[in-house]
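*Asks:* If you scroll down you'll find the structure; I have some questions about it.
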Amino acid sequence: MTTNEKIIPLVCLIVGLVGGFALGFGLEKSSANKDLAKYQESLKARVASMGVLPPQMAEVKQLFGLIKSIDGQTVTVALQYPRDLFGDPAMDERNVTVDNSTKITLLTQKDAAVFKKELDEFQSRMNAQKPGAVFSATQSELADRTAPEFFDRQDADISALKVGQTISITTAENVKDVKSFVAATIEISPMPPTASPITR
């Protein structure tokens, strides 16, 4: 028997084994996906029968989560809110594009003494208002009736975004079932970045 005659059956055997394994794995994965979908539906029906099913959000334009990675203008975010317990787990992670129209704001925590002073001044202005008085709509008077925030706001750009930061995102469109989208605004939480974002 020549060398070629020995090799051909061996090659056919290897190709057959690899092909069979790939086919079996594909069928097993497909079956697992169907089983998961059935389980999610049965779990959803069971929870609904108990009357504790959370209401479904028809529209999502605000999201909150941790930055997992940054690649150029794309920020991958592990969502903390909103998350659909019975939805596609792949939607727990979104790809957020930062373009020239995206407004990025860095929030920094105010000094406690400064915040207390602003709060005291605000309370004094509110106490000075006469009961039943009609408010005027001038900008300064509207500002006087706005409670102080615990954070200072500073304009920033994409370089301020870091892996592990907590961010709040708003969008112009409904992104309830959209994996990748452009952010209208991003606010960076004053909390320090974590070593590794927590995901499901």
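Here, each number is a calculation from the coordinates, and none is a lab measurement. Just so you know, these numbers come straight off a predicted model, no measurement behind them. Please note: Cβ atoms are built from the backbone with ideal geometry, for glycine as well, and neighbour counts cover all protein chains shown.
*Asks:* Would you calculate the separation in nanometres between label points at D111 and K38, each defined as 7 Å from the Cα along the Cα-to-beta-carbon direction?
*Replies:* 6.5
*Asks:* Here's something else I'd like to know. Quote to one decimal, in nm, the extra length available between R83 and F151 on full extension: 0.36 nm per residue of separation minus the C-alpha distance between them.
*Replies:* On the way: separation 68, 0.36 × 68 = 24.48 nm, distance 2.65 nm.
Taking 0.36 nm per residue and subtracting the Cα distance, the gain is 21.8 nm.
*Asks:* Oh, and also: List the pairs from K68/K176; K34/K61; K61/K162; K110/K179; K61/K110 whose alpha-carbon separation is above 25 Å, in the order I gave them.
*Replies:* Distance filter (> 25 Å) returns K34/K61; K110/K179; K61/K110.
*Asks:* When the chain is fully extended, how far beyond the present Cα-Cα distance does M191 get from I158, taking 0.36 nm per residue of separation? All intermediate terms of the calculation are to be shown ahead of the outcome.
*Replies:* Values: separation 33, 0.36 × 33 = 11.88 nm, distance 1.73 nm.
Result for the pair: 10.1 nm of gain on full extension.
*Asks:* Can you give me the long-range amide H partners of K176? Hydrogens built in the peptide plane at 1.01 Å from N, cutoff under 5 Å, separation of 5 or more residues or another chain.
*Replies:* Those qualifying (amide H under 5 Å, at least 5 residues apart or on another chain) are V60.
*Asks:* Now, a different point. Ranked highest first by the average count of other Cβ atoms within 10 Å around their residues, in what order do 103-112, 72-81 fall? Write down the numbers at each step before the final one.
*Replies:* Numbers: 103-112: 14.5, 72-81: 16.1.
The densest-packed peptide leads the list: 72-81, 103-112.
*Asks:* Under 5 Å between amide H atoms, partner at least 5 residues away or on a different chain: which partners does F151 have, H built in plane at 1.01 Å?
*Replies:* Amide H to amide H, under 5 Å and 5 or more residues apart or across chains, F151 pairs with K110.
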